[in-house]
Amino acid sequence: MAVLDFAMNNSLPMQAVPPDWPGGYWWHWLFFTVVLIVFILTMVLGVIYIERRLLGRMQSRLGPNRTGPFGLLQAVADAVKVLLKENIVPSAADRVVHWLAPVVAFAPVLILMAVVPFQDGALLADLNIGVLYVVAISSVTTVGVFMAGWGSSNKYSLLGAMRTVAAVVSYEIPLVLSIIGVVLLAGSLSLNSIVLAQDIPFILLQPLGFFLFFTAGCAEINRSPFDLMEADSELVAGFHTEYSGMKFAMFYLVEYAEAIAMAAIITTLFLGGWRGPLLPPWLWFILKVVIVFFVMVWTRTTLPRVRIDQLMALAWKFLFPLALINLFVTAIQVLAWPDALPWIMVVINFAIMGVLVLAWSRFFKLGWGRVKV
Amino acid sequence: MLKFERFGLGIAKGLAVTFRYLLRHPTVTQYPEQRLNVSRRIRGAELVWSREKCTGCATCAKACPQGAIEIVTATNLVNNKYEVQTYRVDTGYCIQCGLCVEACPYDAVFMGYSFERAKYRRGDVIQANDELLESASRPVSGYYHPDIAEKLPEQTLLIEKIVEKRK
Amino acid sequence: MTFSTEPFVLNFGPLHPSTHGVFRIKATLDGEVVLDIEPVFGYLHRGIEKLMEERTYTGGIPLTDRLDYVNSMTNNFAYCLAVEKLGGIKVPERAEYIRVIIAELQRIGNHCLAVGAMLNDAGALGTPFFYLWRQREKIYDLLEMLCGQRLMNNYVRIGGVSQDIPAEFLPAVMKFVPQLRSFLDEYDFFLMQNEILLARAKGVGILPPEVAINCGISGPVARASGIKRDLRRDDPYSIYQRFEFEIPTCEEGDCYARYRVRIAEMLQSLHIIVQAAQSMPPGATKADVPHLIRPPAGEAYGHIEGPKGELGFYVVSDNSIAPYRCHVRATSFINLSALRQMVRGWKVADLIIIFGSIDITMGEVDR
């Protein structure tokens, strides 16, 4: 709120200036491109290891602990195995589409990380429409997934791809609406300014928004309990049934890289990004990303899968009205009491969230029954 | 038409239980380094034969549902004795049911004690005569012989190791 | 331009991550809705009924192990009941008590696997499955203590059981009972009110009682539809008249009801085990029956309330050392006949969970 006042009084352009690099902008771009690619690939390896060990411990067994000390090299072993496999393309498949699908699915994830701040001003491109960019780019992955399902000429894959498209398109709307609540509080679409505006992390001021964003985000990236796109026990492997070798590795990578990207966006928007007392800011950032990922693994271990029509009903009948109400309430709070003490707002917002979730669950009806055949 | 019964409380309970399991000790035995004691009556993957007690009556061969035991008895003309010439067991065909051990009236056949008996060649699975005798590397299990069972080490039980407690 | 859809055939082939064993379903789908299914099985046929004619009566017991491989000793038990009826053989008291304890332990083990597999199909990544499997491992340890093998136990003989129980068996069973009780408490806390499970399983795959009776369904599937039929009460075999236990039933007949009935049956089995262990008399464990018995000519049908339902053996003898004919009334095979009516009109995800809730073992279906 303070930033909003300052900006409106001094008419300051709401974006940071790239640091003074010798050689100017191009070196900045090169440095951050390398940093981002290394960050994503290393974090994917780390995150695969964390997930498998955590999943194991929660299921009362150990995860992989044989390859390398404490099983740290398991992801590397998987990568090497996958590289050595034969690249099989079904004969009836559409070759160009089949080949292009993993690329189209993976590229947006890397591009998405360009606007996420690691430190004050340390990001590849401080766009002043950062949030709009994030929302737009994160939808392109779906095109890649659908290309995979279509190009495989397999009924299982097509079924999986159709489910994915339906689900992702439905969950975009609550996702976007819950971000707008944060934008209203911070007063700017640029992710760096949103982090700078968080004297109190926005998870306290926008609990309902956090809950909606987390649920919609898990549905976007096909994680349990919404992982029916690649439901192991129903459709063998969904849209990536017909992929083997490095292309399969790309899809596997996309799943974890999207999880990291979504966790990074959640940290930036709701948990205060890189802000924190003692440690260096980029370490705080990584720590918060890992904590958000831990919560994702925790829900994955516990909850069974949701059926496709129940998924759609959840998006349209439960999350969407709650997102609209959340937006409305936040707008009223920002307009009517811009100077109010934040802690009062925290209590009020938690109370509103409790009442809304309980009341909505009471009246919510989920999915169809049996169809007359 | 279905309704949420408990407003998300069920999901929260599930998450609590999973988190509690995270803090408990996992039930895992790292196999080649740590081994559990098998049962005293285990029907292991081989047969142990005693040449002194066997009379060649072939009750075991009759009892075997698979027909895996082959016995040939003949007269030894050198020292004028009637003895068992060949006692051959096809361990690959054996289903370790233990009916032969139960059938033998002279306690001459026993089940083996260990289960790590994989062979490299298919021919090694058929064992005959002296290969079947008891030795230090081929211990005998207590199946159907309680006196042998008492001397073997006690079985490790999962009930002893981990106990679930609520709160 | 009018909008029309066309149904297509999707083959859930014999090798599939969720069919319990090798079972093939040819499903006609309209989008996500299942219009019709055609089950194809027979991939696990081994000719057990023919092989039993070539083995002696006692030599056929290891073969019966391999029918319903999830709970081997109940098959042994039913077969031995049939042959004892043929031969008029009386089983000693101690052996009867041991058989009851074993049958109830197998029931608990089977329900652990059935519930775990159904939840695995529902999509919980194996977590409930692992928790239940640990209890089944404890049961495996107990069975290994008895007869030396965990799975294909060959322990029940014609006229009793093969050897006496070791001294540490009953204390171990008594130690297991409270552990399982507190585990089932925690498991109910974990899953009974889980909204996603309720949404997936409540009201799904309802089996009306008339259809169940017409198809001959028995076991927890029938009891969850409201049919109060249990062979331990209606046609008592062995010594079940002496024990007090309840028969849990539900009225709805959906997947959730079958899950609740199985969990309740596990608790009742614990009750029976405690009663049997406390009153076990000393004595012989096997009647004085020769190894190669030759029952008089005739026929007999011996049936028990197995964990999946009514398991029966029809044995015909012609006074030789091998049965003339042995037919298995396999529970899973009969229970499978209602699958088509239960599934039509539901979606693909429901097909999988309904199939998991009937609890099929292909070893019995194909024999």
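Before moving on, here are some points about what is shown:
- For chymotrypsin sites (Phe, Trp or Tyr not before Pro), the sites in segment C:1-75 that DSSP calls loop and that have at most 11 other Cβ atoms within 10 Å are C:3.
- When exposed loop sites are taken as GluC sites (Glu not before Pro) in a DSSP loop with at most 12 other Cβ atoms within 10 Å, the longest stretch of chain B clear of them is B:53-115.
- Distance between segment B:94-167 and segment C:164-188 - C-alpha centres, whole angstrom: 25 Å
- What you get for the protein assembly as shown, charging only the Cβ of Lys and Arg (+1) and of Asp and Glu (-1), is a dipole of about 680 debye around the Cα centre.
- In degrees, nearest ten, helix C:348-358 long axis to first principal axis of chain C (Cα): 20 degrees
- Accessible-area composition of chain A, carbon plus sulfur, in percent [1.4 Å probe]: 76 percent
- What separates the Cα centres of segment C:1-73 and segment C:192-225 is a distance of 20 Å.
- Within the same chain, lysines fewer than 8 places from residue C:286 are excluded, and of the rest, those with a Cα less than 17 Å from its Cα are C:85, C:90.
- Summing +1 for each Lys or Arg and -1 for each Asp or Glu among the other residues whose beta-carbon sits under 12 angstrom from that of residue A:57 gives +4.
- Where trypsin sites (Lys or Arg not before Pro) fall in DSSP loop in segment A:81-176, at most 14 other Cβ within 10 Å: A:85
- Accessible surface buried once B binds C (1.4 Å probe; total of both sides; Å²): 4200 Å²
- With respect to chain C, whose longest principal axis is taken over its alpha-carbon atoms, helix C:93-122 is tilted by about 20°.
- Take each residue in C:186-192, count the other chain C-beta atoms within 10 Å of its C-beta, and the mean is 5.
- Where Cα atoms sit under 20 Å apart: lysine pairs in chain A separated by 8 or more or lying on different chains: 4
- Over all other residues within a Cβ to Cβ distance under 14 Å of residue B:151, the charged ones net out to -2, with Lys and Arg as +1 and Asp and Glu as -1.
- Charge context of residue B:81, other residues only, Cβ under 14 angstrom, K/R +1, D/E -1: -1
- Dipole-positive endmost among A:182, A:313, B:128 within the protein assembly as shown (Cβ charges, Cα centre): B:128
- Order by protection proxy (mean Cβ within 10 Å, highest first), peptides A:66-75, A:315-324, C:307-316: C:307-316, A:315-324, A:66-75
- In a reduced charge model with +1 at each Lys and Arg Cβ and -1 at each Asp and Glu Cβ, chain A shows a dipole moment near 1300 debye about its Cα centre.
- Distance between segment B:7-58 and segment C:227-289 - C-alpha centres, whole angstrom: 27 Å
- Gaussian network model of chain A, Cα within-10 Å springs - most flexible of A:63, A:160, A:354: A:354
- Amide H contacts of residue B:85: B:72, B:73, B:74, each under 5 Å away and 5 or more positions distant or on a separate chain (H built 1.01 Å from N in the peptide plane; Pro and chain starts excluded).
- Cα long-axis angle, helix B:9-22 against chain B (0 to 90 degrees, to the nearest 10): 50 degrees
- Per-residue average of Cβ from other chains inside 10 Å of C:2-14: 1
- Lys/Arg +1, Asp/Glu -1 at C-beta; the protein assembly as shown dipole; positive extreme among A:169, A:123, C:271: C:271
- Couplings for segment C:139-147, taken from phi via the Karplus curve 6.51 cos²θ - 1.76 cosθ + 1.60 with θ = phi - 60°, read 5, 4, 4, 5, 5, 5, 5, 6, 10 Hz in order; Gly and Pro are left as x.
- Of the DSSP H helices in chain A, those whose Cα atoms cover at least 30 Å axially and whose Kyte score averages 0.0 or more: A:25-58, A:155-186, A:281-302, A:342-363
- Considering helices alone, the calculated mean residue ellipticity of the protein assembly as shown at 222 nm is -15500 deg cm²/dmol, with DSSP H runs of length four and up weighted by -39500 (n - 2.57) and normalised per residue.
- Anisotropy class of segment C:18-63 from Cα gyration tensor, a/c 1.5 cut: prolate
- For B:16-28, mean number of other protein chain Cβ atoms within 10 Å: 6
- Point-charge dipole on Cβ atoms (K/R +1, D/E -1) for segment B:1-134, about Cα centre, debye to 20: 920 debye
- Lys/Arg +1, Asp/Glu -1 at C-beta; segment C:8-366 dipole; positive extreme among C:309, C:139, C:217: C:139
- Interface burial for A against C (accessible surface, 1.4 Å probe, total of both chains, Å², rounded to 100): 3100 Å²
- For residue B:151, a cut-off of 16 angstrom between C-alpha atoms picks up no lysines at all, skipping any fewer than 8 places away in its own chain.
- Note on residue B:81: lysines with a C-alpha under 22 Å away, same-chain residues under 8 apart excluded, are B:53.
The values are calculated or read from the model by the stated rules, or taken from the named source; none is laboratory data. Model, not experiment: these values are computed from the prediction. Virtual Cβ from ideal backbone geometry, glycine too; neighbours counted across all protein chains shown. Heavy atoms of the whole protein, side chains included, go into the accessibility calculation; ligands, DNA and RNA do not. Shrake-Rupley method; radii C 1.70, N 1.55, O 1.52, S 1.80 Å.
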